[in-house]
Each structure stands twice: as C-alpha cells, then as structure tokens.
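Below you'll find the structure, written out as structure tokens, and then a few comments.
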Amino acid sequence: MVTAFSRRAFLNAWAAAPMSLALVGPASAQGAQLPLTPACGPEDRITQAQTEGPFYTPQTPEKRDFRSDGAGTPVTVFGFVVDPACRPRANMIVDLWHADDAGSYDNSGYAFRGYQVTDANGRFIFDTIMPGRYPGRTRHYHVKIASGAGVDLTTQLYFPGEPDNDRDGIYDPRLLIEMSEASDGLLGRFDFVLA
C-alpha cells in the first residue's frame, strides 16, 4: 500500500521527534505514524550475528546518503540500537555496505559503503537503494556495529518475500527488515538489540 507521505518527510519527523514520541508512538508527524519502540525482551531477542562476508572494506566514510552512489529503487534504512532492556545505545558506529543494483560491490572505493553514529536515542538512518542479487545470495545488507571498545555485532539484513531467501544458505528469517512503502520509495526498519 502506497502511503501519502514521503520517505523524507516521515524520517525527518522521526529524527526530530523527542524521545518520548519516537519511542512511545504511534504519534502523528506531518501525517505519518512514528515508529513504535523496539521490542525487547528475553535473551533470544538479541540480534543474531552473521559473517561479514568477503567484501568488507574498513575505514568507510561517515555518510548517510548512498543514493548518489548509483541508481536503484530508493530505500531508507532506519532504526534503533538498544540493549536488551531497550535502553538506547548512543554513539554506536553503524557501518552499512551492500551491492549495487546490478549485484556488484565496489571493492576499490566507497560506493554503497559508509557509517552513521547513533544519536542520544540510539537512532540511525541511511538513504540508499535496494541491493541487487548475485549468484548464490539473496538481496541483503551487511552491517557492523561498533563502540569505542571494539566491534559489538557483525550481521546481515534480509528482505521479506524474496524468492531467493530459502535458497540462500546464510539467510536467517530473524534478520528480516520490516518494509513499508512511501510515496517516493521504500522504508526499511530494523532495530538492533546488542548483548
């Protein structure tokens, strides 16, 4: 279902909302519903780790906008980084990288690679595209989350309804992004719960 609001209006309202609105919701923000708080609970809610894969490049630039790196279906990936008690993890480095629309990685530069630092509420946002498929893998994003003390989590995120999900030996349904449509692309939310 395509909604009347844009990705940008929705996320600008979400990013500007005080903690009480961003976490408690739903609340109206320029006609959009703000996301609910992450669901935290028992130990099994901690985000599953996965391999970083062969295409990781260290020392990526700080960048929110990957859209200028190439064409593709617009996706805004956003969410929270929290501990098991749903307390926000501020100042966490969220490093994101993925294939381009054709399923190729940039291994010589930083196209579709970069990081954001979570705000005081544990929030992060990336404007990017839907990655392409390549042989043996379903569509996915790679994520590494680090604090000053080192890497806290390395994992991958997947898209619901992809025909290659069940054929991908690495795919894990616990790592599905919650997808929704906006008037100008897709919104993808995933909340990371760190041990």
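The values are calculated or read from the model by the stated rules, or taken from the named source; none is laboratory data. Fair warning: this is a prediction, and the values are worked out from it, not measured in the lab. No Cβ is skipped: glycine too gets one built from the backbone with ideal geometry, and neighbour counts run over all protein chains shown. Please note that ligands, DNA and RNA were not included when accessible areas were found on the heavy atoms of the full protein model with its side chains. Shrake-Rupley method; radii C 1.70, N 1.55, O 1.52, S 1.80 Å.
Scanning the range 165-188 for residues that are in a strand (DSSP E or B) and among the acidic types (Asp, Glu) yields Glu178, Glu181. Just one of the listed residues (Asp184, Asp168) is surrounded by 13 or more Cβ atoms within 10 Å (Cβ to Cβ) and at pLDDT 95 or above, namely Asp168. Within the range 146-162, the set of residues being over 15 Å from the mean Cα position of the chain (by Cα) and at pLDDT 95 or above comprises Gly161, Glu162. In this entry, Phe112 is excluded by the filter for residues that are under 12 Å from the mean Cα position of the chain (by Cα) and open to solvent by less than 20 Å² (accessible area, probe 1.4 Å). Cβ separations smaller than 9 Å between residues 6+ apart or across chains give the following pairs from the range 179-190 residues that are at positive phi to residues that are of a type in the set (A, V, I, L, M) and open to solvent by less than 20 Å² (accessible area, probe 1.4 Å): Gly185/Val75; Gly185/Ile129. All conditions in (1) farther than 20 Å from Glu181 by Cα; (2) in contact (Cβ under 8 Å) with a residue 40 or more places away in the chain; (3) not polar (S, T, N, Q) hold for Ala90, with the sole exception of (2).
Looking only at residues of the range 124-145 that are of a type outside the set (Lys, Arg) and open to solvent by 20 Å² or more (accessible area, probe 1.4 Å), we find that the one that is nearest to the chain's Cα centre (by Cα) is Met130. Taking first residues from the range 112-136 that are within 13 Å of Arg89 (Cα to Cα) and partners that are modelled with pLDDT of 95 or more and of a type in the set (Ser, Thr, Tyr), the Cβ contacts under 7 Å between residues at least 6 apart in sequence or on separate chains come to Phe124/Thr118.
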